[in-house]
1. Of the conditions (1) more than 21 Å from residue 24 (Cα to Cα); (2) more than 16 Å from the ligand (Cβ to nearest atom), residue 173 satisfies every one except a single condition; which number is it?
2. Can you name the condition, by its number, that residue 94 falls short on among (1) buried (at least 16 other Cβ atoms within 10 Å of the Cβ); (2) more than 17 Å from residue 147 (Cα to Cα); (3) within 16 Å of the ligand (Cβ to nearest atom)?
3. Counting just the residues of the range 151-163 that are more than 16 Å from the ligand (Cβ to nearest atom) and touching a helix residue (DSSP H, G or I) at 6+ places or on another chain (Cβ under 8 Å), which one comes out farthest from residue 56 (Cα to Cα)?
4. Suppose we filter 156, 146, 181 for residues that are assigned by TED's automatic domain parsing to the domain that holds residue 124, touching a residue at least 24 places away in the same chain (Cβ under 8 Å) and part of a helix (DSSP H, G or I); which single one remains?
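The values are calculated or read from the model by the stated rules, or taken from the named source; none is laboratory data. Predicted model, so just to flag it, every value in this text is computed and none were measured. Every residue, glycine as well, gets a Cβ built from its backbone with ideal geometry; the counts of neighbours run over all protein chains shown.
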Ligand code: MN3
């Protein structure tokens, strides 16, 4: 069975004015779609066709002649996770258990946002910033290019794509403004909470 481009969880213009419909049409309709198309070409006629996306990522991570498979499979997974990490009218504050974990792990929501923004802004070149759960202790990480927590046995709660294609049409070189908008207006705490269980 071929790998598929999952539907967006909201309309392409739903995140405006923070992320434009034009950015979404390229980012989802062209970039994300291309990773799916490329992965299917690479998987065609191999045992990968019957594997889950996560298994393909884990099996190809760090394998020299599987770099193309890894890059495309991880980017398919990372982007689907990124769309779900945002919602129209997002931002605000987490509640319940997640709020408690943010407080105990970072010393409060403002500290979390500061640390997440710093990771996202200092990722040199293309990559991702992540909130991950390590057995009840939350941590912020960053990965380069296509690299994904799936490849490292980590449990992700949220991510922000900091490849230039994620923000250049709307923010040009102002990555910090994009990350701030993600944290203040887009982040989907309900999705992060569901990932806790
Ligand atoms: Mn991207």
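1. For residue 173, the exception is condition (1).
2. (3)
3. To start, the set of residues in the range 151-163 that are more than 16 Å from the ligand (Cβ to nearest atom) comprises 151-155, 157.
Checking which are touching a helix residue (DSSP H, G or I) at 6+ places or on another chain (Cβ under 8 Å) leaves us with 151, 155, 157.
Numbers: 151: 10, 155: 17, 157: 21 Å.
The qualifying residue farthest from residue 56 (Cα to Cα) is 157.
4. 181
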